[in-house]
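A.B. asks: What follows is a single structure, and I will ask about it in a moment.
Each reported figure results from applying straightforward, stated rules to the coordinates on display, with no laboratory input. Keep in mind that this is a model prediction, so the values were computed, not measured. Ideal geometry is used to build each Cβ from the backbone, glycine not excepted, and the neighbour counts take in all protein chains shown.
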Amino acid sequence: MSQEVRGVIAPGKDEPVRVETVVVPDPGPGEAVVKVQACGVCHTDLHYKQGGINDDFPFLLGHEAAGVVESVGPGTTEVEPGDFVILNWRAVCGQCRACSRGRPWYCFDTHNARQPMTLTDGRELSPALGIGAFAEKTLVAAGQCTKVDPEVDPAVAGLLGCGVMAGIGAAVNTGQVGRGDSVAVIGCGGVGDAAIVGARLAGAARVIAVDIDERKLRQAESMGATHTVDSRKADVVETIRELTGGFGADVVIEAVGRPETYEQAFYARDLAGTVVLVGVPTPEMRLDLPLLDVFGRGGSLKSSWYGDCLPSRDFPMLIDLHKQGRLPLDKFVTERIALDEVEQAFDRMHAGDVLRSVVVF
Ligand code: APR
Ligand code: ZN
Ligand code: ZN
């Protein structure tokens, strides 16, 4: 017996999103139906709506979510009805070369739910990032569910499913920020701010926030940045060097996704420092660096994919730290909205007015 719920659909390229009836099938083997409690509005949802990811319209948007497992398919062992879970993009196989080497974020054999959710006319929906959680209920692979402590606000928990995890993970997992390190974060949106929070968590002594928007810099301070640089007014590389005794930062996190900010990150690091690219560039972007400068500096250049996270390890740990008051995750929730307000939330996100709008059910 399938069931009908309300969900936010992107019907076609650049068309406004709208709430429609979504048919959610009963879970098959290895699948789970999750009653969604909260789902954050992320840039990737907007990219889907704009046709920037692929043309598989109609999309069921939403992918930064937490909720309660309602039912599971036959033989499912990962979760059971009643579990409070955070959703992740793909279930990993656990056996391929990447998984066995402890890097499941590069898994070769990830999967989502096998059955499609549909509109009432039978048209198949493409769930954003294999989740589709701007809906009262959604069908996912059981392996996409990570059980966490239920005594946490679902609006906060859901954020770990995407942007906040990407930022914290860029600092903690990819950048391996250590106690006493100096860290610079270029671009202080949701991802950059989460990188600041992650750097503080890892014990960074200095966290230098760089942005072109004063409001973002003030917000970065409230997240734990110790210094701020307005890159329209000051030379980013020079200022970061000055603030780090002339050396450059031990870890520089680029959270914009542009060649000029990556170049700043490259030169603003200590000779043996690490650059982490977490901002997502577009296919046409190129970087032109003197090879001698690459040769002349040690350290490492890394990219961070989903914060290089292990959901089963990182989600419960971060929820626990938040519960203890050691992670200000609630500061990322700017506003709580209803399902039919997603279109307006995209406008506010585009204008840079919010860190996260979260749909709550
Ligand atoms: N220098 C410094 N900061 C900049 C610059 C620049 N040249 N250009 C833009 N910014 C700042 C913006 O002012 C904003 O505060 O970068 C920030 C980007 O934040 P958001 O647009 O909110 O994006 P966010 O969700 O944080 O994601 C950042 O990470 O995961 C990726 O796809 C995501 O590429 C995106 C990046
Ligand atoms: Zn996202
Ligand atoms: Zn695998």
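A.B. asks: Show me, for the stretch 121-136, the HN-Hα J-couplings you get by feeding each phi into the Karplus relation (A = 6.51, B = -1.76, C = 1.60, θ = phi - 60°), rounded to Hz, glycine and proline as x.
C.D. replies: With the stated coefficients, the stretch 121-136 comes to 7, x, 5, 6, 9, 9, x, 4, 6, x, 10, x, 10, 7, 8, 4 Hz.
A.B. asks: In whole Hz, what ³J(HN,Hα) sequence does the stretch 89-99 give by Karplus (6.51, -1.76, 1.60; θ = phi - 60°), x for Gly and Pro?
C.D. replies: Per-residue couplings from phi come out as 4, 8, 7, 9, 7, x, 10, 5, 4, 4, 4 Hz.
A.B. asks: I would also like to ask the following. Once amide H atoms are placed 1.01 Å from N in the peptide plane, what residues at a sequence separation of 5 or more from Ser126, or on another chain, have their amide H within under 5 Å of its amide H?
C.D. replies: For Ser126, the qualifying residues are Phe59, Leu60.
A.B. asks: Here's another thing I want to ask about it. Starting from 0.36 nm per residue, how many nanometres of slack lie between Arg336 and Glu284 once their C-alpha separation is accounted for?
C.D. replies: Value of the extension gain: 15.1 nm.
A.B. asks: Here is a follow-up. What is the distance in Å between the Cα centroid of the stretch 1-67 and that of the stretch 301-329?
C.D. replies: That distance is 24 Å.
A.B. asks: Which of the peptides 57-67, 216-226, 81-91 is most tightly packed, and how do the rest follow, going by the mean number of other Cβ atoms within 10 Å of each residue?
C.D. replies: Ranked from most to least packed, the peptides come out as 57-67, 81-91, 216-226.
A.B. asks: Need one word for the chain: rounded, prolate or oblate. Basis is the Cα gyration tensor (sqrt eigenvalues a ≥ b ≥ c); a/c below 1.5 gives rounded, then a/b vs b/c decides.
C.D. replies: Cα axes put the chain in the prolate bin.
A.B. asks: Report ³J(HN,Hα) in whole Hz for each residue of the stretch 55-70, in order, from the Karplus equation J = 6.51 cos²θ - 1.76 cosθ + 1.60 where θ = phi - 60°; Gly and Pro get x.
C.D. replies: Listing the rounded values in order: 9, 7, 5, x, 9, 9, 7, x, 8, 10, 9, 9, x, 10, 5, 8 Hz.
A.B. asks: Classify the stretch 168-304: rounded, prolate or oblate, from the alpha-carbon gyration tensor (a ≥ b ≥ c, eigenvalue square roots; a/c under 1.5 rounded; otherwise prolate if a/b is larger than b/c)?
C.D. replies: In terms of gyration-tensor shape, rounded.
A.B. asks: Which distance in nm do the two modelled labels at Glu80 and Asp320 give, with both placed 7 Å along the Cα-to-Cβ direction?
C.D. replies: In this crude spin-label approximation the distance works out to 2.2 nm.
A.B. asks: Let's test the formula: R0 of 35 Å, r as the Cβ-Cβ distance of Asp235 and Lys147. What FRET efficiency results, to the nearest 0.05?
C.D. replies: 0.15
A.B. asks: Still on this structure, I have one more. Hey, how many Å between the Cα centroid of the stretch 222-247 and the Cα centroid of the stretch 148-203?
C.D. replies: 20
A.B. asks: Here's something else I'd like to know. Place +1 on the Cβ of every Lys and Arg and -1 on the Cβ of every Asp and Glu in the stretch 168-304, take the dipole about the Cα centre, and give the residue among Gly187, Met285, Val236 whose Cα lies farthest towards its positive end.
C.D. replies: Comparing the listed Cα positions along the dipole, Gly187 ranks first.
A.B. asks: Classify the stretch 276-361: rounded, prolate or oblate, from the alpha-carbon gyration tensor (a ≥ b ≥ c, eigenvalue square roots; a/c under 1.5 rounded; otherwise prolate if a/b is larger than b/c)?
C.D. replies: oblate
A.B. asks: Starting from the stretch 255-329, pick out the GluC sites (Glu not before Pro) whose DSSP state is loop and whose Cβ has at most 10 other Cβ atoms within 10 Å.
C.D. replies: Values: sites: Glu260, Glu263, Glu284; in loops: Glu284.
Qualifying residues, ordered by number: Glu284.
A.B. asks: Moving on. Which links in Lys216/Lys302; Lys35/Lys147; Lys35/Lys323 stretch past 19 Å when you go from one Cα to the other?
C.D. replies: Those over the limit are Lys216/Lys302; Lys35/Lys323.
A.B. asks: How much net charge surrounds Val68 when only other residues with a Cβ under 9 Å from its Cβ are counted (Lys, Arg +1; Asp, Glu -1)? List each step's numbers first, then the result.
C.D. replies: Values: positive: Lys35; negative: Glu70, Asp83.
In short, -1.
A.B. asks: Here is a follow-up. Take each uninterrupted DSSP H stretch in the chain, measure its Cα extent along the helix axis, and return the ones at 15 Å or beyond whose mean Kyte-Doolittle hydropathy is at least -0.5.
C.D. replies: On the way: long enough: 190-201 (16 Å, 1.07); 311-323 (17 Å, -0.45).
For the chain, where a helix must reach 15 Å along its axis and average at least -0.5, the hits are 190-201, 311-323.
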